[in-house]
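Participant: Please see the structure below; I have some questions.
The values are calculated or read from the model by the stated rules, or taken from the named source; none is laboratory data. All values derive from a computational prediction rather than experimental measurement. Neighbour counts are summed over all protein chains in view; Cβ atoms, including those assigned to glycine, are modelled from backbone coordinates with ideal geometry. Accessible surface areas use protein heavy atoms only, side chains included; no ligands, DNA or RNA. Shrake-Rupley method; radii C 1.70, N 1.55, O 1.52, S 1.80 Å.
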2 protein chains.
Amino acid sequence: MADPFMQQAIELALQNVRAGEGGPFSALVVRGDTVIAEGSNRVTTSYDPTAHAEIIAIRKACDELGVYHLDGCDLYTTCEPCPMCMGAIYWAHLDRVFYASTREDAAAAGFDDAYIYEELRKPPRARSMPMIQSMRDEGYQVFEAWMESDTKVPY
Amino acid sequence: MADPFMQQAIELALQNVRAGEGGPFSALVVRGDTVIAEGSNRVTTSYDPTAHAEIIAIRKACDELGVYHLDGCDLYTTCEPCPMCMGAIYWAHLDRVFYASTREDAAAAGFDDAYIYEELRKPPRARSMPMIQSMRDEGYQVFEAWMESDTKVPY
């Protein structure tokens, strides 16, 4: 069944590809029947590997509303979000995620989403990305300072 | 053993907590013996749930160098990166990640990193975040347009 918001996101993504402005992905943050913000992939044109459609839409929506949590809002995205964007979705406290293509569809088109999901299932030392731990005790002092802080704003 | 870059990141994070500018996290992008960019958590002060230290440092480093891939650079971060930041690290093609605290340390201080890792291990339909798929065929047309495009810039 056609969903008007998903249709809008897909049209944005097609425009993005045709205009050569970035990868084949767009997303909308929606509250009720209102589009709060839209985003289309801009990784290569803005020199920003985090400029995925979902990240852009979330940042714009928060800026628009003056909030850092989007409770009460949904995300519509043309493809199952990658782990970076899923992390952002949890941190943003969105209500729901609607998506069209899957990580397998993205992989077939040359994108690393499925690979990164596989990597993140592994413990840090088993990943292809070398991860080296040091100074854990000193690092924990930052959390101690946070827990003792009277001025902290938890999120 | 003390690592000067990690020590610098930890000092930045302590300053961030003391100044009330955001959460207890800082990160550096380093190439050779040069710090290319630094970032400290600004989620609550910039109204941006994606403003984690690593994301900020990666965005700044790419902006500084005019690139969207950071091959040849390492990331130093005061805490094991959350899934959002690990995704960004893979997309950014960083060489290595050095970290001090763990996701369990972060959880003990009230942060959701470990929880989000658990969620991302599950298939989309089994997560606490409702994920609803629709219009997969229409969504796939965006990838088809991408694969047929003569002007696309893969990344």
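Participant: Mind checking the per residue accessible area of the protein assembly as shown for me, 1.4 Å probe, whole number of Å²?
Facilitator: 41
Participant: Is there a quick way to get the dipole size of the stretch B:1-120? I mean about its Cα centre, with the Cβ of Lys and Arg at +1 and of Asp and Glu at -1; what is the value in debye to the nearest 20?
Facilitator: So the magnitude is around 260 debye.
Participant: Evaluate the relative contact order of the stretch B:63-105 (contact order divided by residue number), counting alpha-carbon pairs under 8 angstrom at least 6 apart; express in whole percent. Provide the component values of the computation, followed by the final result.
Facilitator: Values: 51 pairs, mean separation 22.0, N = 43.
Once divided by the residue count of the stretch B:63-105, the mean separation gives 51 percent.
Participant: How big is the B-A contact in terms of buried accessible area, both chains counted, 1.4 Å probe, rounded to the nearest 100 Å²? Display every interim value, and only then the final one.
Facilitator: Working: alone 10420 and 10420 Å², together 12700 Å².
Accessible area lost upon association: around 8100 Å².
Participant: What's the lysine pair count for the protein assembly as shown at a Cα cut-off below 28 Å, pairs eight or more apart or interchain?
Facilitator: On the way: A:Lys60/A:Lys152; A:Lys60/B:Lys60; A:Lys60/B:Lys152; A:Lys122/B:Lys122; A:Lys152/B:Lys60; B:Lys60/B:Lys152.
Final tally of qualifying lysine pairs is 6.
Participant: Taking 7 Å along the Cα-to-C-beta vector as the label spot, tell me the B:Phe5-A:Glu118 distance in nanometres, rounded to one decimal.
Facilitator: 2.8
Participant: As I understand it, the dipole of the protein assembly as shown uses +1 on the Cβ of Lys and Arg and -1 on the Cβ of Asp and Glu, about the Cα centre. Which of B:His93, A:Ala107, B:Phe143 lies farthest toward its positive end?
Facilitator: So the residue furthest toward the plus end is A:Ala107.
Participant: Moving on. About the Cα centre of the protein assembly as shown, what is the dipole size in debye to 20, counting +1 per Lys and Arg Cβ and -1 per Asp and Glu Cβ, all else neutral? Could the numbers behind the result be given before it?
Facilitator: Working: 26 positive and 48 negative charges, 52 e Å.
Taking the Cα centre of the protein assembly as shown as origin, the dipole is about 260 debye.
Participant: One decimal, nm, shortest first: give the distances between the label point of B:Asp137 and those of the same position in the other copies, each label point 7 Å from Cα along Cα→Cβ.
Facilitator: Taking the point 7 Å beyond Cα along Cα→Cβ, the inter-copy spacings are 6.4 nm.
Participant: Once you order the gyration tensor axes a ≥ b ≥ c over the Cα atoms, which shape class does the stretch B:14-109 get: rounded for a/c under 1.5, otherwise prolate or oblate by comparing a/b with b/c? Each step should come with its number before you reach the end.
Facilitator: On the way: a/c = 1.69, a/b = 1.43, b/c = 1.18.
Cα axes put the stretch B:14-109 in the prolate bin.
Participant: If the only charges are +1 at each Lys and Arg Cβ and -1 at each Asp and Glu Cβ, what is the size of the charge dipole of the stretch A:93-153 around the Cα centre, to the nearest 20 debye?
Facilitator: On the way: 8 positive and 12 negative charges, 44 e Å.
Taking the Cα centre of the stretch A:93-153 as origin, the dipole is about 220 debye.
Participant: With the cut-off at 1.5 for a/c, could you classify the protein assembly as shown from its C-alpha gyration tensor as rounded, prolate or oblate? Mind dumping the intermediate values first?
Facilitator: Numbers: a/c = 1.85, a/b = 1.50, b/c = 1.23.
Prolate, since a/c reaches 1.5 and a/b exceeds b/c.
Participant: Continuing with the same structure: Using a probe of 1.4 angstrom, how much of the accessible area of the stretch A:7-62 is carbon and sulfur, in percent?
Facilitator: Numbers: 830 of 1950 Å².
Reported share for carbon and sulfur atoms: 42 percent.
Participant: Now for a different question. Evaluate the relative contact order of chain B (contact order divided by residue number), counting alpha-carbon pairs under 8 angstrom at least 6 apart; express in whole percent. Provide the component values of the computation, followed by the final result.
Facilitator: Details: 231 pairs, mean separation 24.3, N = 155.
Dividing the mean separation by the residue count of chain B yields 16 percent.
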